[in-house]
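Just so it is clear, none of the values below were taken in a lab; they were calculated from the coordinates. Just so you know, these numbers come straight off a predicted model, no measurement behind them. Positions of Cβ are backbone-derived with ideal geometry, glycine not excepted, and every protein chain shown enters the neighbour counts.
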Amino acid sequence: MTRAIREAWDNQANRFDEQPDHGLSDARVRTAWAALLQDALPVPPARVLDVGCGTGSVAVLMAALGFVVQGIDLSPRMLEQAAAKARRLGVEVALLEGDARDPQVGGPFDVVLSRHVLWALPDVPAVLHRWASLLVPGGRLVLVEGRWHTGAGLPAEDLLPLVRSATSAVELHHLPDPALWGGHIEDERYLIVATA
């Protein structure tokens, strides 16, 4: 199963950044994500684990903001894109091939961040507990998720109780701002910030 998932994401790597919120190549979209991250994260140089980092757009952006970033992803081709992006922008991001469900990384981290990854993983409660175990006391679990018009995703009302069971304090922020997505959206997109 893991091999099939890896191959599926490998096959998307070359075109993944075509979506404005994936590649963050549009200055307006990138600026919106930078502002969102700065509000959600502690002060740099906090140590951040970007779980399921994909092509590294958010990891590279966080590194440019002064954070110490470790990215992990199952797809070698996604990681190749991430490494190339980091080189082009002159920032340092440590990249590791691995499974987001159970990251084999050296912690602890000040932040574990995941963007549009959790919805695709089995056994979400176990994953959340694993991610929370990688945090320093008082560290932050930062989750960007949604329920899309396609029917995929996780509604906030379903995810919130699961996050509460793995952490001590939880904040929900809806993300309707078109600047984050490169245009108007009609589906549910949100940010959860939880404290360990």
> How do 47-55, 159-167 rank on mean C-beta neighbours within 10 Å, highest first?
Replying inline: 47-55, 159-167
> What residues qualify as long-range amide H neighbours of GLY71, i.e. H under 5 Å apart, gap of 5 or more or another chain, H built at 1.01 Å from N?
Replying inline: ASP50, ALA94, LEU95, LEU96
>> Please report the projected area of segment 2-195's Cα convex hull averaged over all directions, in nm².
In response: 9.8
> Quick one: net charge of GLU188's neighbours, Cβ under 12 Å, K/R +1, D/E -1?
Replying inline: -3
> What percent do you get for the relative contact order of the chain when only Cα pairs under 8 Å and 6+ apart count?
Replying inline: 19
>> Using a 7 Å offset from the Cα along the Cα-to-Cβ direction at both ARG88 and ASP158, what is the distance between the two label points in nm, to one decimal?
In response: 3.5
>> For a quick check of your reading of the filter: which GluC sites (Glu not before Pro) in segment 117-196 sit in a DSSP loop and have no more than 15 other Cβ atoms within 10 Å?
In response: GLU186
